[in-house]
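The values are calculated or read from the model by the stated rules, or taken from the named source; none is laboratory data. Keep in mind that this is a model prediction, so the values were computed, not measured. Backbone-built Cβ (ideal geometry, glycine too); neighbour counts: all protein chains shown. In case anyone asks, the SASA skips ligands and DNA or RNA and just uses the protein heavy atoms, side chains included. Shrake-Rupley method; radii C 1.70, N 1.55, O 1.52, S 1.80 Å.
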Amino acid sequence: MSSAERLAALLVEAGQDGTVIFSGAGISTESGIPDFRSPGGIWTRYAPIDYADYLRDPAMRRESWRRGLNTYATIVDASPNAAHLAIADWWRQGLLNGVVTQNIDGLHHKAGLPAEAVVELHGNAHSVSCLTCGACFDRLTVQARVLAGDEDPVCPNCGGVLKSTTISFGQGLPPRAIAEAQQLHASARLCMVIGSSLVVYPAATLPEVTLDAGGQLAIVNQTETHLDHLAVLVAREPAAVLLGEVARVTAR
Ligand code: ZN
């Protein structure tokens, strides 16, 4: 049996609402979004801006918006690939209980998943919110102000600090997202990891929640993970290639 056939069989075996997808940067590289943590990635070229510094220092906010003009241009133009589309199909077929992602690119939504099906552990790059009153704005609208010379744009409603709704270094992950992710992993009969090396918290521990509850683990990732030895299937193929194949197998 090929990896695609085995993965398809595992999905069917897990049944209705039986599978949780855990996705990381590796699922989006084939949509042209670089893995920001990889060598040459943006975080190795720029020192990350700490959340506390962002709050305190207007110079840091100006720097952050300047960088964002570059990084967001890549994200806003990206399209979902075969892996995102396959996952959206499985959702429509009722096979998934949800998708938990480390990605901020919104490509699961663009592939057709409803917002309530996706837990974004690291937030979302498409919106900006006011840290004082909570008002939300489209990223491009705020960037237009930056491009027009407003280098540290403030909230038009209350004058508060604006920030992209991604989670920064030094900023805690949203507790509700973590709780939802844990619940989805605990109730899944199969956890399918797609494109994550499972190195950062809570990625490193979530798949074990499924295992501890008696479920199975499948890992599709191009490099080794510390949980490979506990998985019933480990595949090194690019996510878009393999999941595209699984979609063809299950459509037969
Ligand atoms: Zn405000």
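For the reader, a short list of remarks on this structure follows.
- Subset of the range 150-187 that is assigned to a strand (DSSP E or B) and within 16 Å of the ligand (Cβ to nearest atom) - its residue that is nearest to Phe22 (Cα to Cα): Thr165
- Only one of the listed residues (Asp35, Asp17) is among the acidic types (Asp, Glu), surrounded by 17 or more Cβ atoms within 10 Å (Cβ to Cβ) and not in a helix (DSSP H, G or I). That residue is Asp35.
- Looking across the range 120-149 at every residue that is more than 22 Å from Gln102 (Cβ to Cβ) and touching a Lys or Arg at 6+ places or on another chain (Cβ under 9 Å), the one that is nearest to the ligand (Cβ to nearest atom) is identified as Cys130.
- Flag if Ala188 is assigned by TED's automatic domain parsing to the domain that holds Ala4, under 22 Å from His122 (Cα atoms) and modelled with pLDDT under 95: no
- Residue in the range 112-127 that is β-branched (Val, Ile, Thr) and not in a helix (DSSP H, G or I) present: yes
- A search for C-beta distances below 6 Å between a residue of the range 192-203 that is in the same structural domain as Leu242 (by TED's automatic domain parsing) and any residue that is open to solvent by less than 10 Å² (accessible area, probe 1.4 Å) and modelled with pLDDT under 90, counting only pairs 6+ apart in sequence or on different chains, returns Ser196/Ala203.
- Failed criterion for Ala188 (all others in (1) open to solvent by 60 Å² or more (accessible area, probe 1.4 Å); (2) in contact with a Ser or Thr (Cβ under 7 Å, 6 or more places away or on another chain) hold): (1)
- Test for Asp53: is it open to solvent by less than 60 Å² (accessible area, probe 1.4 Å) and not assigned by TED's automatic domain parsing to the domain that holds Tyr201: yes
- Among the conditions (1) open to solvent by 10 Å² or more (accessible area, probe 1.4 Å); (2) farther than 23 Å from Gly15 by Cβ, Asn97 misses just one, which is (2).
- Note on the range 128-144: among residues that are touching a strand residue (DSSP E or B) at 6+ places or on another chain (Cβ under 8 Å) and in a loop (DSSP other than H, G, I, E, B), the one that is most open to solvent (accessible area, probe 1.4 Å) is Thr132.
- Conditions (1) over 24 Å from Asp89 (Cα atoms); (2) at pLDDT 95 or above; (3) of a type in the set (Gly, Ala, Ser): number failed by Gly195: (1)
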